[in-house]
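A short reminder: the numbers here are calculations on the coordinates, not readings from a lab. Please read these numbers as outputs of a predicted model, since none were measured by experiment. Here Cβ is always computed from backbone atoms with ideal geometry, including for glycine, and neighbour counts include all displayed protein chains.
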Amino acid sequence: MMARYIAFHKPYLVLSKFSDQADRATLKDYLDIPGIYPAGRLDYRSEGLLILSDVKKILHILSDPDFDHQKKYHVQVEGEVSPEAVLKLNNEIVLPGIQTKFAQISIIDPPGFPERVPPVRNYHPTTWLSVTIGEGKKHQVRRMTAAVGYPTLRLIRVGVGPFNLDQLPAGQFRDLCREKVSELLSNRYRSA
C-alpha cells in the first residue's frame, strides 16, 4: 500500500480530528481515507491548510517545533492596523511566557478568499495581515493581534513549511507533491 500525503483545506468550525463527542463537524465529514492523521492542529474557528498522512515520520517532522517549519497565515483583524502595531509585532515578543520567537507580519490587500460560511460580521474597517511564525502555540496569532489592539476576525493558514494552500477550495483535499515530501523527509529529518 502506498503512503498518503494530503493537503486539506479545513473549513471554519471543523475540528482537526476525526471524532467529537459533542457532534461537531470533524475531518471524518470530509476525508474517508483510513489511517491518516493530521500533522499538528488548526483551531476550530480557523481555516486553511492542514497536512495529513499515514507516515508517522512526516507527521513528526511537520509538528515538532524543533524542526522550525514556518507557518504562514492570512489574518483579517478588526480596525485599521497602524504602522506602529506592525513594528511592535515584528520586533517585540508581545506574548511573554508563550511566544519565544519574532513573527514576520505585514499589511496585505484582501487575499480574495471566498466569503466564509457563516460570514464574518460586517466590521468596518478591517485590515488583512500576512503573518509568519516559527512556532504554533495555542491561539498564538489571535493572542498576538489582540495584544496590540486588533482582534482577529478570520484566520486562514496558507502555508506549512514547503507546502502551500494555493487555490484548494474549502472542504477539498489533494495529494502533496511526492518530490517535496521526499526532500523534506531526507533533508530535514537528518538535520534535526
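Which distance in Å, rounded to a whole number, links the C-alpha centroids of region 53-71 and region 133-183? If we compute the Cα centre of each part, the gap is 14 Å. Spin-label pair Asp66-Met2: with each label point 7 Å from Cα along the Cα-Cβ axis, the two points sit 3.2 nm from one another. Where a ≥ b ≥ c are the square roots of the eigenvalues of the C-alpha gyration tensor, would you call region 70-160 rounded, which needs a/c under 1.5, or, failing that, prolate if a/b is larger than b/c, or oblate? Taking the square roots of the gyration eigenvalues as a ≥ b ≥ c, region 70-160 is prolate. Here Lys180 is the anchor, and the aspartates and glutamates within straight C-alpha reach of less than 20 Å, apart from those fewer than 8 places off in the same chain, are Asp54, Asp64, Asp66, Asp68, Asp166. Over the chain, Cα pairs under 8 Å with separation of 6+ residues give a relative contact order of 30 percent.
Summing +1 for each Lys or Arg and -1 for each Asp or Glu, what net charge is found among the other residues whose Cβ lies under 11 Å from the Cβ of Tyr12?
Residues close to Tyr12 contribute a combined charge of +1.
Over the chain, dividing the summed -39,500 (n - 2.57) contributions of all DSSP H runs of at least 4 residues by the number of residues returns a 222 nm mean residue ellipticity of -4500 deg cm²/dmol. Inter-part distance, region 1-44 to region 97-118, computed on C-alpha centroids, equals 22 Å.
Where nothing but the Cβ of Lys and Arg (+1) and of Asp and Glu (-1) is charged, how large is the charge dipole of the chain around its Cα centre, in debye to the nearest 20?
Numbers: 26 positive and 21 negative charges, 79 e Å.
With only Lys, Arg, Asp and Glu charged at Cβ, the dipole is about 380 debye.
The charge dipole of region 70-160, taken about its Cα centre with unit charges on the Cβ atoms of Lys, Arg (+1), Asp and Glu (-1) only, comes to about 460 debye.
When the charge dipole of region 70-160 is built from unit charges on Cβ atoms (+1 for Lys and Arg, -1 for Asp and Glu) and taken about the Cα centre, the candidate among Val75, Pro118, Gly136 whose Cα reaches farthest toward its positive end is Gly136.
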